[in-house]
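The values are calculated or read from the model by the stated rules, or taken from the named source; none is laboratory data. Only a predicted model underlies this, so the values are computations on that prediction, with no experimental measurement involved. So basically every Cβ, Gly included, is an ideal-geometry build from the backbone, and we count neighbours across all protein chains shown. When the accessible area is computed, the model is the full protein with side chains, heavy atoms only, and any ligands, DNA or RNA have been set aside. Shrake-Rupley method; radii C 1.70, N 1.55, O 1.52, S 1.80 Å.
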Amino acid sequence: MTGGSLGIRAGSYGSLLNIKNVIAGGGRLLHSKSFGSVRKNPIIMLSGSREKERSLPSIWYRYLGRRNFSMLLLVAFSVLFFVLGSFVVNKESNSPNVDQRIGTMSMAHYINATRNEASRILGRRNRQKGGDGNRFQASVSKGANHPCANFTFPPPPPPHLRRIGPRPCPVCYLPVDQAIASMPSSPSESPVLHNLTYVHDENPIKTEPHGGSDFGGYPSLKQRNDSFDIKESMVVHCGFVKGSKPGHQTGFDFDESDLAGLQQFHEIIVASAIFGNYDLIQQPRNISEEAKRNVPFYMFIDEETEAYMKNRSMLDSSKRVGLWRIIVIHNVPYSDARRNGKVPKLLLHRIFPNIRYSIWIDGKLQLVVDPYQILERFLWRQNANFAISRHYRRFDVFVEAEANKAAGKYDNSSIDAQVDFYRTEGLTPYSEAKLPIISDVPEGCVLIKEHIPITNLFTCLWFNEVDRFTSRDQLSFGMVRDKIMAKVNWHINMFLDCERRNFVIQAYHRDLLEHMPPPVAVIRHPPALPNIITRERNQGKKIPRHGKDRRSGSRHHHKASAGNRESNFF
């Protein structure tokens with residue numbers, strides 16, 4: 001696919017292309033360039049050297065020499081510049097309104113401010129209760145012996161070098177072989193719930209004036225409420241209510257040749273989807289040979305996207321595009337392509353009943369880190385079985401709803417109806433009372449999941465909310481999570497969004513790419529050569545020297561000094 005790099009927003013988001021040399025290994029950060037490095041023009045340094053001789057003690061100058069003395073001054077100014085920049089960042093990080101300014105912060109400022117604000121609030125709350133004020137942690141490591149236990153973020157860039165908007169930040173990944181070795185040998189324990197089965201109904205009937213679909217089975221409000229009462233064995237609505245098995249006469253149907261393959265056992269899969277011909281396929285990068293052999297990559301597309309790809313010779317009978325194995329969906333259940341995309345996103349455990357772990361990425365994203373490293377960093381190291389990044393700016397459902405309305409993401413009256421319904425169920429604006437939960441709003445384009453009963457239940461009930469209300473899954477995430485957490489001891493790892501941007505790069509949607517003008521070639525001309533003829537004509541002529549260029553000493557010493565300047569310049 002030509003022009004693929006045009007779709008990567010490397011400039012606006014500071015993609016991994018700019019920090020590809022930021023790799024953590026052995027518990028330390030390896031970085032090819034320093035944030036605070038400053039380089040001065042050698043001409044300026046030489047032109048002012050004689051003034052420095054007059055103003056500084058001659059003993060220092062004679063001992064160090066002109067060049068070494070200039071470098072010493074350069075280092076001193078660099079250290080002073082870095083200290084002043086760090087002071088400004090720390091001063092801003094302590095601002096009480098730091099959460100409202102997350103969207104305009106630089107990478108390091110965003111990280112430190114988020115942690116400092118949560119620590120401050122939690123510390124005040126615990127002091128009121130007489131508890132320990134240092135319980136808040138952004139992540140929980142497996143111990144001090146972990147290679148990444150001492151990982152720290154690099155110093156922030158100076159204020160004038162910060163870029164506006166969300167950006168990636170460094171993440172400490174284990175090498176692939178160590179990440180594979182850290183995979184748990186047995187599934188995690190599912191709290192309370194051990195047996196989860198799903199409703200099957202060949203003729204679902206809508207009995208209440210609420211949303212829903214044949215595909216979802218129209219669960220009543222009573223059935224919905226009962227599904228949040230966590231028990232050891234449960235039967236819940238979870239899509240695919242018709243037909244003998246998912247993908248076979250249920251709506252969202254697969255080819256017969258694909259059904260058997262989806263039933264096979266895999267330790268890990270990576271999945272994505274493109275519906276409505278809305279995106280271009282992004283090929284994963286930096287994938288290890290071990291992952292290429294053992295981790296299948298599945299891309300779900302509808303018939304409209306399939307036709308587009310075939311017309312452009314992007315898809316043949318092998319149904320493979322690079323690493324992606326293409327699965328064509330027939331009889332899509334919804335007219336809205338975005339809502340169809342929620343089916344594989346939230347119901348992967350129904351499509352793949354025999355897998356342990358899955359990584360879901362939206363179709364607009366390009367994966368640039370190995371799946372084993374992602375799972376080790378966000379699940380295994382945290383002793384978690386579900387991970388999702390929190391929104392980089394918003395953490396309150398009511399604020400998120402207004403942002404969706406302002407951006408025209410969905411019908412405003414439907415958004416209001418959903419939020420009003422949640423308000424009657426007890427939804428309140430986010431406050432420090434929810435700590436250590438630090439956000440009710442996810443950035444839901446990446447899901448990292450271990451397929452055990454409690455996580456399968458969570459995504460089933462989350463899908464039921466999307467089926468009943470709007471397709472904006474950020475609005476229903478917090479409500480479903482909180483209802484389950486109120487019943488069982490279970491949590492979700494909500495990591496920093498800048499960490500998500502470290503392992504996926506976001507591209508433009510296809511329709512935007514097609515309307516973009518072609519890139520303009522930049523022609524760089526070589527610098528003009530000095531006028532050698534003029535220099536030859538002036539040879540033998542005495543060129544008068546004025547002002548600070550004068551120097552005591554013999555004529556030979558004078559010419560030698562001028563020759564040194566010319567050789568240094570060129």
Distance in nm between label sites at Ser318 and Ala144, each 7 Å beyond Cα in the beta-carbon direction? 5.3
Between Val399 and Asn354, how many nm apart are label points set 7 Å from Cα along the C-beta direction? 4.7
Going 7 Å from the Cα of Asn286 along its beta-carbon direction, which residues of the range 365-405 have the amide nitrogen within less than 15 Å of the resulting point? 366-378
Which FRET efficiency, nearest 0.05, do His248 and Val192 yield, Cβ-Cβ r, R0 30 Å? 0.45
Can you tell which of Cys498, Met314, Ser414 lies farthest toward the positive end of the dipole of the range 195-515, using +1 and -1 charges on the Cβ of basic and acidic side chains (Lys, Arg; Asp, Glu)? Cys498
Residue separation between Asp411 and His491 times 0.36 nm, minus their alpha-carbon distance, gives in nm 25.6 nm
Using a 1.4 Å probe and ignoring any ligands, DNA or RNA, find the accessible area of Asp226 and quote it in Å² to the nearest 10. 80
Net charge dipole size for the range 195-515 [Lys, Arg +1 and Asp, Glu -1 on Cβ; Debye, nearest 20]: 540
What's the FRET efficiency of Val235 with Gln264 using the Cβ-Cβ distance as r and R₀ = 30 Å, to the nearest 0.05? 0.70
Given the protein chains as shown and a 1.4 Å probe, how many square angstrom of Lys292 are accessible, to the nearest 10? 100
Glu304, Glu376, Glu208, reordered so the largest accessible area comes first (probe 1.4 Å): Glu304, Glu208, Glu376
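Carbon-plus-sulfur fraction of the accessible area of the range 195-515, 1.4 Å probe, in percent?
The nonpolar share, carbon plus sulfur, comes to 47 percent.
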If you build the Cα gyration tensor of the range 195-515 and take the root of 5 times each eigenvalue, what three semi-axes come out, in whole angstrom, biggest first? 28, 23, 21
